[in-house]
């Protein structure tokens with residue numbers, strides 16, 4: 001890895017593009033058929049000197065905690081704990097990757113009117 005920085009704008013473009021492609025393919029909602037998922041604490045995820053302990057995550061917890069973090073963000077009294085929100089967003093993104101399966105998309109799938117050619 002030569003470049004040691006990553007812009008938030010680029011990450012936002014990536015996520016927006018993925019979400020737009022999923023919506024064009026008719027995936028406007030995520031069907032929650034599973035609740036539990038494997039994960040590791042984010043403090044351990046980058047420590048390659050020691051194998052991390054597996055934990056069981058919960059989509060219900062991920063969703064609930066993200067909704068509470070959004071309320072905290074909008075609150076005058078509290079603030080969002082960004083690392084906590086990111087940790088729970090990982091669970092949602094893993095499940096989204098699972099539900100998307102092997103779906104593919106590219107920019108040529110969309111005409112000027114924004115509709116899919118699926």
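Right, residue 55: at pLDDT 90 or above and under 26 Å from residue 8 (Cα atoms) or not? Criteria not met by residue 55.
Of the candidates 21, 60, 9, the single residue that is part of a helix (DSSP H, G or I) and in contact with a helix residue (DSSP H, G or I) (Cβ under 9 Å, 6 or more places away or on another chain) is 21.
Counting only residues that are more than 20 Å from the chain's Cα centre (by Cα) and in contact (Cβ under 8 Å) with a residue 12 or more places away in the chain, the range 40-83 holds 2 of them. Pairs meeting the criteria (first residue in the range 18-39 and closer than 12 Å to residue 105 by Cβ, second residue at pLDDT below 95 and part of a helix (DSSP H, G or I), beta carbons under 7 Å, at least 6 apart or on different chains) are 22/100; 24/109.
Residue by residue, here is whether (1) modelled with pLDDT of 95 or more; (2) not in a loop (DSSP other than H, G, I, E, B) holds:
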| position | (1), (2) |
| --- | --- |
| 47 | no, no |
| 65 | yes, yes |
| 70 | yes, yes |
| 84 | no, yes |
| 96 | no, yes |
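Take the range 75-112 and flag every residue that is farther than 20 Å from residue 40 by Cα and surrounded by 10 or more Cβ atoms within 10 Å (Cβ to Cβ). The answer is 75, 78, 79, 80, 99, 100, 103, 105, 109, 110.
The values are calculated or read from the model by the stated rules, or taken from the named source; none is laboratory data. From a predicted model like this one, the values you see are computed outputs, not experimental measurements. In this analysis, Cβ positions are derived from the backbone assuming ideal geometry, glycine residues included, and neighbour counts consider all displayed protein chains.
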